[in-house]
Each structure stands twice: as C-alpha cells, then as structure tokens.
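Derivation of every value follows stated rules applied to the coordinates shown; laboratory data play no part. Source: prediction; values computed, not measured. Here the Cβ positions follow ideal geometry from the backbone for every residue, glycine too, while neighbour counts run over all protein chains shown.
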Amino acid sequence: MSISGTSASDVYAVGADPGDGSGPYVLHYNGTRWRRLDSGAAGDLWWISVTPVEGAFYLAGAQGKVLRLDTFSQHFTSMETPGAESDTAFGAWAADGENVWAVGGDLDRPDESGFVWYFDGSSWTEVDVTGALSGPLPILFKVWGRSARELYAVGRLGVVLRYDGSAWSRVEAETTRTLFTVHGNNDRVVAAGGFSDAVILELDGNSFVDRAPPATPQMNGVFMAPDGSGVTVGIEAAVARRSSNGWMLDQPQFDSIRDFHAAWIDPDGGVWAVGGNLSAALDDGILAYIGSAVISTSVDRE
C-alpha cells in the first residue's frame with residue numbers, strides 16, 4: 001500500500017494484513033534480500049511517512065492505528081491515538097519528532113468523518129479544522145508538508161486543506177473528485193486522484209490546477225523528487241512522469257489488472273511502486289521497480 005526509504009538498498013514497504021497471524025505486511029529491503037518484519041500489530045497499514053525523521057518512520061492504518069518504526073533497531077511502537085475502531089488513518093507525515101500529523105476517516109461515513117490528528121512529542125490529539133469548511137469534513141487520505149509551517153491534506157470531494165503553522169484553511173482546487181495523495185518539493189506541490197480518469201493537480205498561486213494529460217487513467221499515488229522530476233501511479237499499473245515539459249503517460253511497463261497505490265523515487269532515480277487488488281479484499285499485492293538496479297525477489301521472515 002505504501003513504500004519509502006533512504007536509498008535503493010534501504011527500502012520499506014507496508015501493506016494489508018493477510019490474516020496469517022503475523023500482522024500486516026511490513027517489508028524491508030537491504031539491497032540483497034527482503035525481510036518481513038513483525039510489527040506486533042494487527043490490521044491493514046495504509047501508509048508509511050515519506051522521509052524518516054530522527055531515525056523513525058510513522059505508519060498509519062486501520063482501527064485508528066499509528067506505529068512508530070525505529071529504523072536503527074527496527075522496533076515498532078504502537079502509539080495511543082484519538083481513533084475509534086471504525087477509524088482508519090490513511091496517511092501520516094512528520095516534520096520532526098514533535099510535529100507529526102495523521103489524517104483519515106470512517107469508510108462507512110465517507111463525507112462527514114474526516115479527521116486530523118497531531119502529535120506534539122508527548123501525545124496525539126484531534127485537531128478541530130471545521131472552520132476551514134462550510135460543511136462536514138470528508139475523509140482525508142494523505143497529508144504532506146514542506147515544513148511544520150506549511151502542510152497540505154487532501155481527500156474526498158476534491159478537498160484540499162493547508163496549514164500555515166497556526167490555522168487550517170481550504171485551498172481552491174479544480175476538481176470535486178477524490179484526491180488520494182499529495183506530495184511535493186521546493187518548487188511544486190502536486191495532488192493525484194480521480195475516478196476512472198486522472199486528476200493531477202499542481203499548486204499555482206493560491207489554487208490547485210489540473211495538469212493531467214488527456215486519457216490518463218485514475219492516479220492514486222504521487223511523488224516529487226528534489227530534482228524536479230515526478231511520478232504518479234494508478235489503476236492497472238499506470239505510470240506517468242513529470243519533466244520540464246509537464247506530465248506524460250508512460251508506455252505500459254507490463255500488463256496488469258492490479259492497481260498501483262503509491263510510489264517513491266530513490267536518490268538514484270529508481271521508481272518504486274506498490275499496490276494490488278485495491279478492492280475490499282486488499283489482496284494480490286504488487287511491488288514494482290523501474291530503474292538500473294537489480295532488485296532481489298527473495299523474502300525472509302523475521
């Protein structure tokens with residue numbers, strides 16, 4: 001469901017719980033082999049924060065779950081959140097150990113159950129963002145920021161929220177369709193989503209403008225590299241890249257009825273993408289790599 005790391009030889013992928021008694025899939029790649037890690041938790045994991053801060057990633061998932069993964073010891077800590085059993089934390093992002101955010105909602109109440117949680121280094125609390133909207137807050141799927149004073153959260157109904165260090169406000173967006181992921185770099189903020197066909201929004205001034213090429217299928221994940229290149233991934237293993245000329249849909253790398261959910265670009269320019277059957281079953285996973293490295297397919301159990 002999500003993938004990140006620090007290099008092509010230090011990669012973490014997280015995903016659904018296959019029900020085999022070992023909890024959700026959490027894989028670590030060390031450049032030679034993959035190893036499944038035991039998180040000590042149960043239930044699906046939907047996200048791993050993009051960049052480790054103070055040696056830790058934050059993992060978000062079902063039943064209001066947020067886990068802290070210490071990359072040095074590979075120890076997981078289950079964090080106490082304000083979430084209920086029906087809540088799913090779909091995204092998490094950290095500026096540092098005292099500024100961590102998570103977003104999500106209840107899939108049974110998709111247009112009114114959205115939440116924003118904040119961790120200050122001691123405890124998680126729910127943040128009241130109702131002043132940013134004229135109605136209920138729909139499910140939010142992802143959160144990302146340039147710093148603790150510039151964050152973006154995206155979700156259903158084309159909702160984009162921005163945090164300036166003191167308050168949340170709504171940002172105009174050229175869509176009412178679902179936005180699944182937001183990411184950016186020093187120059188650009190991009191949100192990806194859609195329904196059947198793609199929405200690829202870029203922040204232009206004070207609003208998000210759709211820059212998806214014609215006939216681009218729905219895109220679920222987006223990642224912008226520091227050098228300005230970017231990638232979006234979506235249904236039926238679709239991939240689109242961003243260059244100085246804008247977004248362009250890749251020729252299919254392989255045929256698949258499975259859908260990509262998230263992507264990451266490593267420091268060497270390798271593109272990693274994960275997903276699978278994104279129906280309620282969340283089975284038949286897929287992990288793909290496009291680049292010059294030779295990636296092992298061996299998986300060891302912890």
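Tabulated results
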| item | result |
| --- | --- |
| Förster radius 41 Å - calculated FRET efficiency between residue 86 and residue 292 (Cβ-Cβ, nearest 0.05) | 0.40 |
| Rounded to the nearest 20 debye, dipole of region 95-233 from Cβ charges on Lys, Arg, Asp, Glu | 200 |
| Cα-derived Rg over Rh, computed across region 221-267 with Rh taken as Kirkwood radius | 0.98 |
| Cut-off 13 Å between beta-carbons: net charge of the residues surrounding residue 78, Lys and Arg +1, Asp and Glu -1 | -1 |
| Förster-model FRET efficiency, 25 Å R0, residue 280 and residue 128, C-beta, rounded to 0.05 | 0.20 |
| The chain: most fluctuating residue of 43, 228, 276 per GNM, C-alpha cutoff 10 Å | 228 |
| 12, 118 arranged by Cβ crowding within 10 Å, fewest neighbours leading | 118, 12 |
| Euclidean distance of C-alpha centroids, region 8-35 and region 219-233, integer Å | 22 |
| Ratio of the Cα radius of gyration of region 204-283 to 2.2 N^0.38 Å, where N counts its residues | 1.13 |
| Rule-of-thumb Rg ratio for region 175-244 [Cα; 2.2 N^0.38 Å; N residues] | 0.99 |
| Normalised convex hull volume, region 166-215, alpha-carbon set, Å³ per residue | 95 |
| Exposure proxy ranking, count of Cβ atoms within 10 Å, fewest first, for 201, 37 | 37, 201 |
| Summed side-chain charge close to residue 267 - residues other than residue 267 whose Cβ falls under 13 Å, Lys, Arg +1, Asp, Glu -1 | -4 |
| The chain: relative contact order in percent, alpha carbon pairs under 8 Å with at least 6 residues between | 12 |
| Rh by Kirkwood over Cα pairs, then Stokes-Einstein D for the chain at 0.890 mPa s and 25 °C, µm²/s | 130 |
| Net dipole in debye of region 2-301 [+1 Lys, Arg Cβ; -1 Asp, Glu Cβ; about Cα centre; nearest 20] | 420 |
| Shape parameters for region 69-177, alpha-carbon atoms, Rg then Dmax in Å | 13.9, 45 |
| Region 142-271: C-alpha pair distances exceeding 20 Å, % | 39 |
| Given charges at Cβ of Lys, Arg, Asp, Glu: region 1-52 dipole, positive-most of 6, 49, 24 | 6 |
| Potential extension, residue 54-residue 215 segment - 0.36 nm per residue separation minus Cα distance | 53.8 nm |
